[in-house]
Structures are given as C-alpha cells and as structure tokens.
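K.L.:
First the structure, which I've put down as structure tokens, then a few questions once you've had a look.
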Amino acid sequence: MEYSIVAILALLILLIINYDIIRTKTKRAAYIAYRRFLLVVAVYFISDIFWGILYEAKLIAAVYADTVVYYIAMAAAVFLWTQAVIAYLNENNTFTHALYYAGWVYMFFDIITLAVNFFIPIKFYFDKDGIYHACTIRYIALLIQILLFLVTSLYILIFSSHTDKKIRHRHLTIGVFGIVMSLLIILQTVYPLLPLYSIGYLLGTCIVHTFILERQKEDYREELEELISRDKTQKMELGSTRQLVYTDILTGVKSKYAYIETKLKIDERISTGELKEFAIAVFDLNNLKTINDTQGHDAGDKYIKDSCCIICRQFQHSPVFRIGGDEFVALLEGEDFKNRETLIETFNLQMEENLHNGREVISCGMEEFDPEHDINFSNIFERADKKMYNRKRILKGIKKQDS
C-alpha cells in the first residue's frame, strides 16, 4: 500500500492544479496536446495505484493485466509529451519532424513488445511466488524514453537562446521537465519496485504548471495592470478624455495604448476559438532618421503624417495603429482581409514608384492568422515583422540599382 500512496497523491495533485486545463476546451494546438498528455498521465497514476495494491495482494493475473495497462499508459504519455513539445514549439523543421516520427516509432515498439510478452517474457514476468521481474526489453524501452526526454530538452535549451526573455523562461521550464524525467527514469531502472516514475511526472507537471501556465496568467494580469496604470497616468497628465488616450496625437490614428488593448482582446478571441480569420500588416517608414537629421524634426513629422495617410487610404476598412516612431500596424478583417493580396501588391507597387520619384517609402509585411498553429497575436506579428524587414532589404536593393 505504501507504493500506491505516492501515485494517489500524484493523481490528486495533478487533477487539482491542472483542473482548468483538463476542464477547459480550446482550439489552441499546444493546449490540446498538453491536456491529452495530462489525461494519459492520470491513467498512468491510476494503473500505478492499482499495481501496488494488487502486487501486495499477490493477485498475479490481475497485476499482470494492470502492468500491461501501466506500460501502455507510460508509452502513451511519452508519445503525447513529444506531440505537446512539437505543438508548443510551432516549428516546421528537421528536429520536429524527427521527434514526431520517433514518438510514433517508440509507441509502436512498446505495443509490439507487450503483445509478444504474452507468449515470451521479453519485457517482464512474475515468478511462481508472485515476484515481479523486469526483462531486457523493459530497460531498452526506458533507455529510449531517456533519450527522447534528453534530446528534446537539449534542443529546447539551445533553441531558447534565440528567443526573448519571457519565452526563454518557458522554454527552460520544458527543458527542466525533460531532465527531471530522465533522472527519475534512470533511478527507476536501478530501483524498479519504487514509484520513481510517478514522482518524476508529479514533479514535472508541477514545474510546468508553476513556471509556464501560472506565469502566463501572471503575464496577462501584469499587462492589464500596466494598461490600467497607463490609463490613469495619461488622464492625469493630459486631463483629457478616453478618446485622446486611444488616439495618436501626431497622426490621428489609433495609439500604441489602443494597440496593446486590441492585442489582448485578439488573444482572448483566439483562445476561445471565436476569431476565425484576420491578418496583420506591419509597416516601417524608410529614411525617417535621414530626414530628421538633414531636414529637421518638423520635416520628419510631416513625413510620418504623409506616410500614415498613404497607409490609411490603402487599408481604409482596417484599424491602423501607430506603435512606434516610424512603425504602424493594420489589422485586416472583412473586406480588406478578402482583398489582402491585391491590397499588399498595389501598396508595394506604389512604394516602388515612390522610391523612383523621391516620395515617401514604406516597407510592409503581411501575415495571416493560422488557427491550427497560432496560439496568440505575437506569433502572427513576428512572421509579419520578418516579412516587413525582408521587404525593406528589397527596397534598399532597388534604391542602390537606381543610384
């Protein structure tokens, strides 16, 4: 019974701290994959609970059947963890493809060896006294698990060095999960009759909950608090109405404050599955620094206003935000979303013509929302921003050719 106590506690803690994840339905791929992983881990804990009870009672037939369920749940949990990591990374590269197929290969390997074990004890068996014995294949399976967890952790730890601080923190947490599981699996091979595997999942899921899921809630709360604080400060300083806070003073389009609030609302609509289609267009004004340095800031302000007018005329059915000195964002929905390709093509042609004529030049990048992979606004913005910088390089190349 002592063996089962750990699994009972692990199951209760998992269900309590992950109640929202298990209960809430969402279309976000990473959350769906992680929820499936948690449910299978719960099945694993249940089988581990019964294993301890049945093993002590010497009910060999029953404990054998439970051991089969135990190993299937163990394999499924490892498989679903690889799928959750792939969904979380949201990367289409060689590593994620290799991890995807490795997960499937391991799952089939475990099922096949369990089927063979009914006839030839290659994974485990119980002797005539009811004592459990692990076989070579069982240790090979654990070695594969260790490799899957370690390789995944190492990749994520390396991958995290190229991300911003907030995302890096979450990547490191997933890496720590894999390392913790690897260490506990190694110990499990040395002490096969101790519930070390359950302890590993208990620690791992608590780490993920504390440093990723709870941190995401905290980040959202901090963003809201920042918005509230900024709202109060702007009202005190400007003594103006709410409308002024949401309007950029120089250009008359929506302000960065409005942009942040809109971004949060879009994240909420994505998480509930309410938002089906939209696109983000990111703009950056070329040569603004040169104009400010050579002609003065009044000329620079005029350049900003004229450029903003061009954006608003082209995307007249979309809200436009000024999010920095020379940066703008347009959210394309409705008619502008349907005509997005034509709008971007026309806009880029106009910019090339302006480049030749010495007029305002604006680099633009557009990206669409992908409901299968995008879990928040930032995912789409980052891709659009990359396209914008690629466009900026193209325009610079055209300028060099002209000169």
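The values are calculated or read from the model by the stated rules, or taken from the named source; none is laboratory data. Since the structure is predicted, the reported quantities are computational estimates derived from the model, not experimental observations. Every residue, glycine among them, receives a Cβ derived from its backbone with ideal geometry; neighbour counts consider all protein chains shown.
K.L.:
Do we find that Ile16 is β-branched (Val, Ile, Thr), free of Cβ contacts under 8 Å to residues at least 40 places away in the same chain and on the phi < 0 side of the Ramachandran plot in this structure? Write out each step before concluding.
P.N.:
Details: β-branched (Val, Ile, Thr): yes; free of Cβ contacts under 8 Å to residues at least 40 places away in the same chain: yes; on the phi < 0 side of the Ramachandran plot: yes.
It is true that Ile16 is β-branched (Val, Ile, Thr), free of Cβ contacts under 8 Å to residues at least 40 places away in the same chain and on the phi < 0 side of the Ramachandran plot.
K.L.:
Please indicate, with yes or no, whether at least one residue in the range 124-133 is outside the structural domain of Glu382 (by TED's automatic domain parsing), in a helix (DSSP H, G or I), in contact (Cβ under 8 Å) with a residue 40 or more places away in the chain and not basic (Lys, Arg). Don't jump to the end; show me each part of the working.
P.N.:
Step one: of the range 124-133, the residues outside the structural domain of Glu382 (by TED's automatic domain parsing) are 124-133.
From what's left, in a helix (DSSP H, G or I): none.
There is no residue in the range 124-133 that is outside the structural domain of Glu382 (by TED's automatic domain parsing), in a helix (DSSP H, G or I), in contact (Cβ under 8 Å) with a residue 40 or more places away in the chain and not basic (Lys, Arg).
K.L.:
Given the options Val105, Val78, Val6, name the one that is under 29 Å from the mean Cα position of the chain (by Cα), surrounded by 14 or more Cβ atoms within 10 Å (Cβ to Cβ) and within 23 Å of Arg138 (Cβ to Cβ).
P.N.:
It is Val78.
K.L.:
Filter the range 39-75 down to the residues that are among the aliphatic types (A, V, I, L, M) and not in a helix (DSSP H, G or I), then identify the one that is surrounded by the fewest Cβ atoms within 10 Å (Cβ to Cβ).
P.N.:
Within the range 39-75, the match that is surrounded by the fewest Cβ atoms within 10 Å (Cβ to Cβ) is Ala57.
K.L.:
Within the range 140-195, restricting attention to residues that are outside any helix (DSSP H, G or I) and surrounded by fewer than 18 Cβ atoms within 10 Å (Cβ to Cβ), which residue is modelled with the highest pLDDT? Give the steps one after another, and end with the answer.
P.N.:
Initial filter on the range 140-195 (outside any helix (DSSP H, G or I)): 161-164, 191-195.
Filter again for surrounded by fewer than 18 Cβ atoms within 10 Å (Cβ to Cβ), leaving 161-164, 191-194.
Details: Ser161: 67, His162: 67, Thr163: 67, Asp164: 66, Tyr191: 82, Pro192: 76, Leu193: 74, Leu194: 79.
Here the answer is Tyr191.
K.L.:
Ok, one more. State the number of residues belonging to the range 31-80 that are basic (Lys, Arg) and within 19 Å of Met181 (Cα to Cα).
P.N.:
Qualifying residue count for the region: 2.
For (1) surrounded by 14 or more Cβ atoms within 10 Å (Cβ to Cβ); (2) closer than 18 Å to Leu275 by Cβ, each residue gets a yes or a no:
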residue	(1), (2)
Ile362	yes, no
Gly365	yes, no
Phe369	yes, yes
Phe377	yes, yes
Ile380	yes, yes
Ala384	yes, yes
Met388	yes, no
Arg393	no, no
Lys399	yes, no
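K.L.:
Among the numbered criteria (1) at negative phi; (2) at pLDDT 75 or above; (3) surrounded by fewer than 17 Cβ atoms within 10 Å (Cβ to Cβ), which one does Gly273 miss?
P.N.:
Only one criterion in (1) at negative phi; (2) at pLDDT 75 or above; (3) surrounded by fewer than 17 Cβ atoms within 10 Å (Cβ to Cβ) is unmet by Gly273, namely (1).
K.L.:
Another question, then. Based on what the data block shows, is Thr262 in a helix (DSSP H, G or I), among the polar types (S, T, N, Q) and over 27 Å from the mean Cα position of the chain (by Cα)?
P.N.:
For Thr262, the condition - in a helix (DSSP H, G or I), among the polar types (S, T, N, Q) and over 27 Å from the mean Cα position of the chain (by Cα) - is not met.
K.L.:
What is the one condition in (1) part of a helix (DSSP H, G or I); (2) touching a residue at least 60 places away in the same chain (Cβ under 8 Å) that Glu277 does not satisfy?
P.N.:
It is condition (1) that Glu277 fails.
K.L.:
Follow-up question, since we're still on this one. Under 6 Å by Cβ, and 6 or more places apart or on different chains, what pairs join a residue from the range 196-209 that is under 13 Å from Ile8 (Cα atoms) with one that is small (Gly, Ala, Ser)?
P.N.:
Here the result reads Ser198/Ala7; Ser198/Ala10; Leu202/Ala10, each pair linking the range 196-209 to a residue that is small (Gly, Ala, Ser).
K.L.:
Can I ask one more? Assuming Arg313 fulfils every condition listed in (1) within 24 Å of Asn339 (Cβ to Cβ); (2) surrounded by fewer than 16 Cβ atoms within 10 Å (Cβ to Cβ); (3) within 27 Å of the chain's Cα centre (by Cα); (4) not acidic (Asp, Glu) apart from one, which condition is it?
P.N.:
(3)
Per-residue answers, yes or no, for (1) in contact with a Gly (Cβ under 6 Å, 6 or more places away or on another chain); (2) within 16 Å of Cys206 (Cα to Cα); (3) aliphatic (A, V, I, L, M):
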position: Leu12; (1), (2), (3): no, yes, yes
position: Ile17; (1), (2), (3): no, yes, yes
position: Asp20; (1), (2), (3): no, yes, no
position: Ala29; (1), (2), (3): no, no, yes
position: Asp66; (1), (2), (3): no, no, no
position: Ala75; (1), (2), (3): no, no, yes
position: Val78; (1), (2), (3): no, no, yes
position: His97; (1), (2), (3): no, no, no
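K.L.:
Can Ala33 be described as closer than 30 Å to Lys276 by Cα and either under 27 Å from the mean Cα position of the chain (by Cα) or not assigned by TED's automatic domain parsing to the domain that holds Ala115 (or both)? Write out each step before concluding.
P.N.:
Details: closer than 30 Å to Lys276 by Cα: yes; either under 27 Å from the mean Cα position of the chain (by Cα) or not assigned by TED's automatic domain parsing to the domain that holds Ala115 (or both): yes.
When the stated conditions are applied, Ala33 passes them.
K.L.:
How many of the residues making up the range 207-259 are modelled with pLDDT of 80 or more and either crowded, with 17+ Cβ neighbours inside 10 Å or more than 18 Å from the chain's Cα centre (by Cα) (or both)?
P.N.:
15
Conditions tested, residue by residue: (1) of a type outside the set (Val, Ile, Thr); (2) out of contact with any helix residue (DSSP H, G or I) (no Cβ under 9 Å at 6 or more places or on another chain).
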{"residue": "Ala75", "(1), (2)": "yes, no"}
{"residue": "Ala87", "(1), (2)": "yes, no"}
{"residue": "Thr96", "(1), (2)": "no, no"}
{"residue": "Asp110", "(1), (2)": "yes, no"}
{"residue": "Phe119", "(1), (2)": "yes, yes"}
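K.L.:
Hey, another quick one. Against the conditions (1) surrounded by fewer than 17 Cβ atoms within 10 Å (Cβ to Cβ); (2) within 21 Å of Lys392 (Cβ to Cβ), where does Tyr303 fall short? Just the number, please.
P.N.:
(1)
K.L.:
Which of the following residues is among the hydrophobic types (A, V, I, L, M, F, W, C) and within 31 Å of the chain's Cα centre (by Cα): Met351, Met388? Steps first, please.
P.N.:
Values: Met351 fails: within 31 Å of the chain's Cα centre (by Cα).
Met388 is the lone residue from the list that is among the hydrophobic types (A, V, I, L, M, F, W, C) and within 31 Å of the chain's Cα centre (by Cα).
K.L.:
OK, next. Can you give me the number of residues within the range 1-32 that are basic (Lys, Arg) and assigned to a helix (DSSP H, G or I)?
P.N.:
Within the range 1-32, residues that are basic (Lys, Arg) and assigned to a helix (DSSP H, G or I) number 1.
K.L.:
Related question: Report yes if Glu360 is of a type in the set (D, E, K, R), in contact with a helix residue (DSSP H, G or I) (Cβ under 9 Å, 6 or more places away or on another chain) and farther than 23 Å from Thr262 by Cα, otherwise no. Give the steps one after another, and end with the answer.
P.N.:
Values: of a type in the set (D, E, K, R): yes; in contact with a helix residue (DSSP H, G or I) (Cβ under 9 Å, 6 or more places away or on another chain): yes; farther than 23 Å from Thr262 by Cα: yes.
For Glu360, the condition - of a type in the set (D, E, K, R), in contact with a helix residue (DSSP H, G or I) (Cβ under 9 Å, 6 or more places away or on another chain) and farther than 23 Å from Thr262 by Cα - is met.
K.L.:
To continue, here is another question. Hey, any hits in the range 363-381 for a residue that's touching a Pro at 6+ places or on another chain (Cβ under 8 Å) and within 19 Å of Lys256 (Cβ to Cβ)?
P.N.:
no
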